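Read through the structure below, which is laid out as structure tokens, and then see the notes.
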Amino acid sequence: MRARVGQRVPVVVQSRGRRRRGARLLWVAAETVVTCGVVVLLLVAHQLWWTNRQARAEALQQVRVLEREWDISPPAPDTTPGADGPARTSDPSRSGAPPVASVAPSAEPDRPTADAAQGGPDTDSAAFAVLRIPRLGLTVPVARGVSRRSVLDKGYVGHYPGTAAPGRVGNFALAGHRNTHGEPFRYLDRLAEGDLVTVRTRGATYTYRVDRILPRTAPRDVGVVRPVPRSIVKPSYGYDAPGAYLTLTTCTPEFSSAYRLVVWAKLVPSLGSAG
């Protein structure tokens, strides 16, 4: 059917009001997206930069305080956890304490396994030693316990409850963050067999030599922190005889809590020194 000559074709015209409302909605949506992006960037900056700066400053200050006190005060009876004599012992091979129930508290952004011995929160998170790893340029205080809030997030390295004291027969087992909050164990994977690690306490300095490395194991591989460390997940990694061991644990890969990286070292008696 042909349209009649002169007949008008109706045209639908959108109102200006609708166009304005649509533009306003788009503008609000764009502003919301930008705002959310800025908030996320700020949170990332806080986690990756500010927590590191803050924790490192606090940890280095604690090292200075400890060493200044040790330098001006005469050596006192060794009161580190697990010391012989009147001080309490934390070496399971001597005291019968229960074995540690978990491997390294997870690093950022994963969750830490608070209270490694599952015996309640840490009751004493005071720093009692200074750990140095020359190959990594690392100097960091060692505190009792592995609580995230009171130890690890302060940039400290935590001493697993129920494991030996530095320089003692048994396993002096430590955990530290790999990312954020000072990340003292960020480059733990760079250690190699033969690298030296020192632990200074009020009464002595103990030197360990890196001996074996377990690149990856499960978070609950409790064998790696036992008095005679041996992985229960990968039994080919570990030891068979008692000795004075140092165990360093952290998360792997970076920014993940999927696995644990474990470095073992053995005490070098001839390099131990008093004071």
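The values are calculated or read from the model by the stated rules, or taken from the named source; none is laboratory data. This one's a predicted model, so the numbers in the text were calculated from it and none came from an experiment. Cβ placement follows ideal geometry from the backbone for every residue including glycine, while neighbour counts extend to all protein chains displayed.
Some notes on this structure:
- In segment 208-261, residue farthest from Leu174 (Cα to Cα) [restricted to those that are in contact with an Asp or Glu (Cβ under 8 Å, 6 or more places away or on another chain), part of a loop (DSSP other than H, G, I, E, B) and among the hydroxyl-bearing types (Ser, Thr, Tyr)]: Ser256
- Top-ranked residue in segment 178-206 [being among the polar types (S, T, N, Q) and under 30 Å from Glu69 (Cβ atoms); ranked as surrounded by the fewest Cβ atoms within 10 Å (Cβ to Cβ)]: Thr205
- Only a single criterion out of (1) farther than 19 Å from Asp195 by Cα; (2) at pLDDT 95 or above; (3) under 15 Å from the mean Cα position of the chain (by Cα) is not satisfied by Ser147, namely (2).
For every residue, the table says whether it meets (1) among the small types (Gly, Ala, Ser); (2) over 21 Å from the mean Cα position of the chain (by Cα).
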| site | (1), (2) |
| --- | --- |
| Gly158 | yes, no |
| Gly194 | yes, yes |
| Ala204 | yes, yes |
| Arg212 | no, no |
| Pro215 | no, no |
| Pro219 | no, no |
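- Enumeration of residues in segment 207-265 that are of a type in the set (Gly, Ala, Ser), over 19 Å from Thr163 (Cα atoms) and surrounded by fewer than 19 Cβ atoms within 10 Å (Cβ to Cβ): Ala218, Ser236, Ser256, Ala258
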